[in-house]
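Sharing a structure here in structure tokens format.
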Amino acid sequence: VTGDARHYVFSNIFEVATRSAPYERVVVAKNLDYVQEVMRAEGISPWFACGHDEFAVCMDGEITIDFIKLDRPPPEDHPGAVPAGDAPQGRRMGRIRLKRGHQALLPAGSAYRFEAIKLGVIMQQTMLGDLSVQKWREICLH
């Protein structure tokens, strides 16, 4: 990318990620119950789980996602991600490595954990939930 980053779509998500704690799920867009969350990918995230499918797009950096098929998944009717604990119980499903522009499905009923190989930014599509952080005043007035 050349020129001023402010002239590009999504440029504000990089600002949001810069001012966020690692893996803080900051809402940057909302459509009814659905949201786009941005996360600063740095180090290793806690384990997350969700009762519905989510999608993660690597906007920058290099990220590995580890998956576990949970023995006791979150209920399907609970919106958004929930913490999955330090050692989720279930069968390992493998891992995916994402680089800029790559997308991954985070399947319902699985636990997932991000690891930033290189500092990065993740944009995630999910539903507004307990871990969703809304900072509209901070984002819009900055």
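The values are calculated or read from the model by the stated rules, or taken from the named source; none is laboratory data. Worth saying up front: this structure is predicted, and the values here are computed from it rather than measured. Because the Cβ atoms are built from the backbone with ideal geometry, glycine has one as well, and the counts that use them run over all protein chains shown. When the accessible area is computed, the model is the full protein with side chains, heavy atoms only, and any ligands, DNA or RNA have been set aside. Shrake-Rupley method; radii C 1.70, N 1.55, O 1.52, S 1.80 Å.
Can you tell me which of 87, 111 is part of a loop (DSSP other than H, G, I, E, B) and of a type in the set (A, V, I, L, M)? So that I can check it myself, show each step before the final result.
Values: 111 fails: part of a loop (DSSP other than H, G, I, E, B).
Matching residue, one of 87, 111: 87.
Working only within the stretch 118-129, note down all residues that are modelled with pLDDT of 95 or more and open to solvent by 30 Å² or more (accessible area, probe 1.4 Å). Give the derivation first.
Let us first name the residues in the stretch 118-129 that are modelled with pLDDT of 95 or more, namely 119-129.
Correct list: 119, 125, 127, 128.
Restricting to the stretch 41-59, what's the tally of residues that are charged (D, E, K, R), crowded, with 18+ Cβ neighbours inside 10 Å and closer than 17 Å to residue 125 by Cβ?
Just the residues of the stretch 41-59 that are charged (D, E, K, R), to begin with: 42, 53-54.
Still in the list and also crowded, with 18+ Cβ neighbours inside 10 Å: 42, 54.
Narrowing the set further to residues that are closer than 17 Å to residue 125 by Cβ leaves 54.
So the count comes out to 1.
Another question, then. How many of the residues in the stretch 8-67 are part of a strand (DSSP E or B) and over 18 Å from residue 133 (Cα atoms)? Can you show your working first?
Initial filter on the stretch 8-67 (part of a strand (DSSP E or B)): 22, 25-31, 34-41, 44, 48-49, 54-67.
Still in the list and also over 18 Å from residue 133 (Cα atoms): 44, 57-67.
Qualifying residue count for the region: 12.
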